[in-house]
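One structure is given here, and the rest of the page talks about it.
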Amino acid sequence: MKVPKRLQPLVDDGLIDEVLSRLMSGKEADIFIVRSRGEIRCAKVYKDAMQRSFKKAAQYQEGRKVRNGRRARAMEKRSSFGRKQQEEIWQNAEVDALTRLSKAGVRVPDTYVCIDGVLLMELVTDDEGDVAPRLNDVTMSEEQALEDHEVMMHYIVLMLCEGIVHGDLSEFNVLLDEYGPVIIDLPQAVDAAANNNAQAMFARDVNNMTRYYSEFAPQLSQTRYADEIWSLFEAGELTSETELTGVFEDSNEAADVDSVIEEIKAAFAEEQDRLERIRTAAED
């Protein structure tokens, strides 16, 4: 196919040998299948802020540190230089998260280079060498659902132990290859300790995954992994070896009405996001 303009510099530099096809167009990036150094990989071309449809981006960027004072001031003033710096931070957040999570034992795609808003990374494939499907495109047995849900909860624990919350985790951001789930799409990953929205995002991530797997294993719908894991995290008791039960007992303290209302609003927003993802997936 014709080389897209954003990929031409990587072709010129010898990082990409050939652009084979467009894989998909998402809310924050376009994905292309490419040949690089003799291997089939994918190139993620990030869209700029004006093109991205990722909602409430400011909530995800809260807590991301900028050591350079000039850059921080420019970002606050929203100058052209500041906006460029914000874009680099958005893109580098995914590279940083993928690198850290891979070292922590979470299955994510390998990354090779990120330059000029293009991330060259591993193409996750199935046992026949085809592009691995997203979870929302597969069905599974109850036994498989229980097994994969346990794996996903373990990955989520490993992520939180690294101080990372995915922030947009669902069946649309997990691939399934012959070895099991692979987590993708992390430019919006947040710092669990520095972002005021981290707990709500974490609960949404966990509940999204549990809801999906409960379609095949209904007993999972009665579990409370989000509350259990976050409670252990807050208490400083969460480790990579923590054995989860899915059971959580509420305290006997009076309910915080404002918190309950916020949870209801969050649940409504979550359902709207889920429906939007379904519509987007159907269009792709």
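The values are calculated or read from the model by the stated rules, or taken from the named source; none is laboratory data. Computed from a predicted structure; not experimentally measured. Virtual Cβ from ideal backbone geometry, glycine too; neighbours counted across all protein chains shown.
Report whether or not E128 is charged (D, E, K, R), without any contact (Cβ under 8 Å) to a residue 12 or more places away in the chain and not in a strand (DSSP E or B).
Working: charged (D, E, K, R): yes; without any contact (Cβ under 8 Å) to a residue 12 or more places away in the chain: yes; not in a strand (DSSP E or B): yes.
Judged against the criteria, E128 is a match.
Scanning the stretch 230-279 for residues that are modelled with pLDDT of 95 or more, assigned to a helix (DSSP H, G or I) and aliphatic (A, V, I, L, M) yields a count of 1. If you go through the stretch 213-235 and keep only what is under 24 Å from the mean Cα position of the chain (by Cα) and surrounded by fewer than 19 Cβ atoms within 10 Å (Cβ to Cβ), you end up with S214, E215, F216, S221, R224, D227, S231, L232, E234.
A quick yes/no check of all residues on (1) at pLDDT 95 or above; (2) among the acidic types (D, E):
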site	(1), (2)
E94	no, yes
G163	yes, no
D177	yes, yes
I184	yes, no
A194	no, no
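The residue that is surrounded by the most Cβ atoms within 10 Å (Cβ to Cβ), counting only those in the stretch 1-29 that are assigned to a strand (DSSP E or B), at pLDDT 95 or above and not polar (S, T, N, Q), is V19. Just wondering, is there one or more residues in the stretch 140-147 that are outside any loop (DSSP other than H, G, I, E, B), surrounded by 17 or more Cβ atoms within 10 Å (Cβ to Cβ) and out of contact with any helix residue (DSSP H, G or I) (no Cβ under 9 Å at 6 or more places or on another chain)? No, the conditions are met nowhere in the stretch 140-147. Criterion applied to I156, I183 was being under 21 Å from L101 (Cβ atoms) and in contact with a Lys or Arg (Cβ under 7 Å, 6 or more places away or on another chain), and the one residue passing it is I183.
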